[in-house]
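Can you keep this structure in mind? I'll have questions shortly.
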Amino acid sequence: MPLTKTYLDYAATTPVDPRVVEAMLPYFNQTFGNPSSVHAFGQSAEAARERARETIAQALNCQPKEIIFTSCGSESDNLALRGAALARREKTSANWILTTHLEHHAVSHTAAQLEKYYGFQVEWLKTDRYGIIHPETVENAICKNTALVSLMWANNEIGSLNSIAEIGAICRTQGVPFHSDAVQGAAHLPTDVQSLNVDLLSIGAHKFYGPKGIGALYLRQGTPLIPAQTGGSQEFGYRAGTENIPYMVGMAEAFRLAQTEHAARTTHLQPLRDHLIGTILEEIPEARLTGHPTERLPNHASFAFKDADANTLLMMLDLEGFACSSGSACKTGDPRPSEVLTALGMSADWALGGLRVTLGKDTTPEEINAFLAVLPGLVERVRKINQR
Ligand SMILES: *Cc1c(COP(=O)(O)O)cnc(C)c1O
């Protein structure tokens with residue numbers, strides 16, 4: 001087994017940046033108070049929490065009181081969908097949720113649950129072959145019975161980017177709240193909630209070199225929301241539970257770095273990504289890029305290889321020292337064809353052969369070249385095994 005492993009699965013998660021670890025450390029056992037306590041220990045913890053909130057608000061171009069800390073990107077999505085849909089229905093009796101089958105399960109399974117158990121109706125909007133939702137599709141579907149529109153910014157499995165600002169403008173004209181899952185998008189793109197025209201936006205720290213287990217939901221002032229987790233009045237009453245101060249501090253520092261360094265990171269990543277995509281499409285027969293060729297995340301390359309079982313390929317890559325994914329991290333080990341690739345109209349012989357290669361800010365050209373040197377041979381071997 002090779003001694004060094006090359007990690008090419010940054011859409012699944014990222015290592016915590018040493019600068020972030022440094023920022024977090026004092027909050028485990030020095031500034032450890034409960035922010036709800038009256039005494040000085042509580043006050044300094046509360047101050048740290050508010051500084052973290054201000055940092056994130058500044059990076060997103062909103063007010064601190066519009067940031068709700070949660071335990072992860074999935075929780076942010078859950079709170080947004082359930083909370084905004086229920087609140088909107090209470091006010092207007094609107095009953096429809098508009099979303100797509102390409103959303104992360106944190107959105108699509110929540111929408112499905114709202115339909116099954118809460119009496120909402122979900123309209124699964126059609127995307128194009130790149131997985132992009134056209135603003136006209138939203139314009140044609142939206143009406144006064146729409147309780148919520150939820151559409152992701154960047155797709156985790158195929159990297160495609162939606163025109164969130166345009167879709168948001170349509171929702172605003174109709175007075176319908178608009179949520180966007182930006183867990184991937186905000187990790188790589190300048191994220192201004194004003195120009196994006198969103199009412200709710202989800203982020204998660206571990207996709208941008210922050211710790212796992214912490215996320216946030218942006219909630220535009222005046223957007224009604226019913227809390228999912230009830231109890232104490234933490235997070236303006238939207239999310240009960242004693243706060244995880246070190247993780248809030250870490251998330252704020254990681255997000256500040258992601259937003260201030262995004263241009264430099266993109267300048268480094270995009271040519272590497274394009275070299276990777278170009279070489280693979282040239283050297284591997286019956287290979288397709290999945291997702292849009294240019295409207296995609298700067299670090300994201302994803303493919304489908306006909307008749308090449310993804311799990312076998314991932315295991316072989318792992319033995320060669322390369323960590324990749326077949327699509328969403330949540331589906332590893334599941335032999336069914338990718339739901340996303342199937343929703344894009346791919347037949348099973350293609351949709352079983354998904355490969356996602358996602359680069360990180362410290363990925364080197366040498367690592368990419370080493371990867372490109374082994375991949376074509378491995379795909380050929382997997383196809384021979386499949387034939388037997
Ligand atoms: C990772 C991810 C999530 C879930 O975030 P967690 O913090 O892992 O719960 C949601 N949506 C997208 C697009 C993601 O990539």
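The values are calculated or read from the model by the stated rules, or taken from the named source; none is laboratory data. Please read these numbers as outputs of a predicted model, since none were measured by experiment. So basically every Cβ, Gly included, is an ideal-geometry build from the backbone, and we count neighbours across all protein chains shown.
Would it be correct to say that residue 357 is over 22 Å from residue 127 (Cα atoms), assigned by TED's automatic domain parsing to the domain that holds residue 376, aliphatic (A, V, I, L, M) and touching a residue at least 40 places away in the same chain (Cβ under 8 Å)?
Against the criterion (over 22 Å from residue 127 (Cα atoms), assigned by TED's automatic domain parsing to the domain that holds residue 376, aliphatic (A, V, I, L, M) and touching a residue at least 40 places away in the same chain (Cβ under 8 Å)), residue 357 qualifies.
Each row is one residue, and each column tells you yes or no for (1) touching a residue at least 24 places away in the same chain (Cβ under 8 Å); (2) closer than 25 Å to residue 208 by Cα; (3) assigned by TED's automatic domain parsing to the domain that holds residue 190; (4) part of a strand (DSSP E or B).
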| site | (1), (2), (3), (4) |
| --- | --- |
| 294 | no, yes, no, no |
| 340 | yes, yes, no, no |
| 350 | yes, no, no, no |
| 363 | yes, yes, no, no |
| 366 | no, yes, no, no |
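Okay, moving on. Grab the strands (runs of 3 or more DSSP E) fully contained in segment 129-224, keeping just those with 1 or more residues being over 29 Å from residue 303 (Cβ atoms) and without any contact (Cβ under 8 Å) to a residue 60 or more places away in the chain.
Fully inside segment 129-224 and qualifying: 146-150, 178-181.
Filter segment 287-299 for residues that are surrounded by 24 or more Cβ atoms within 10 Å (Cβ to Cβ) and in contact with a Leu (Cβ under 8 Å, 6 or more places away or on another chain) and give the result.
Scanning segment 287-299 gives 290, 296, 297, 299.
Going by the conditions given, is residue 80 within 12 Å of the ligand (Cβ to nearest atom), small (Gly, Ala, Ser) and touching a residue at least 40 places away in the same chain (Cβ under 8 Å)?
Judged against the criteria, residue 80 is a match.
When residue 379 is evaluated against the numbered criteria (1) outside any strand (DSSP E or B); (2) within 16 Å of the ligand (Cβ to nearest atom); (3) β-branched (Val, Ile, Thr), which criterion, by number, is the only one it fails?
If we test residue 379 against (1) outside any strand (DSSP E or B); (2) within 16 Å of the ligand (Cβ to nearest atom); (3) β-branched (Val, Ile, Thr), just (2) comes out false.
If you don't mind, there's one more thing I want to ask. Out of everything in segment 110-165 that is more than 25 Å from residue 356 (Cβ to Cβ) and of a type in the set (S, T, N, Q), what residue ends up being surrounded by the fewest Cβ atoms within 10 Å (Cβ to Cβ)?
This residue is 140.
One line per residue, one yes/no per condition, for (1) within 16 Å of the ligand (Cβ to nearest atom); (2) closer than 15 Å to residue 98 by Cα; (3) not aliphatic (A, V, I, L, M):
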| site | (1), (2), (3) |
| --- | --- |
| 115 | no, yes, yes |
| 129 | no, no, yes |
| 133 | yes, yes, no |
| 138 | no, yes, no |
| 143 | no, yes, yes |
| 157 | yes, no, yes |
| 166 | no, no, yes |
| 180 | yes, yes, yes |
| 186 | yes, no, no |
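Which pairs do you get when a residue that is touching a residue at least 40 places away in the same chain (Cβ under 8 Å), found in segment 24-43, comes within reach of a residue that is surrounded by 13 or more Cβ atoms within 10 Å (Cβ to Cβ) and among the aliphatic types (A, V, I, L, M), reach meaning Cβ atoms under 6 angstrom, with the pair 6+ apart or on two chains?
If the second residue must be surrounded by 13 or more Cβ atoms within 10 Å (Cβ to Cβ) and among the aliphatic types (A, V, I, L, M), the pairs left are 24/249; 27/245; 27/249; 31/45; 31/48; 35/45.
Here is a list: 89, 53, 82. Which entry is under 28 Å from residue 258 (Cα atoms) and surrounded by 20 or more Cβ atoms within 10 Å (Cβ to Cβ)?
53
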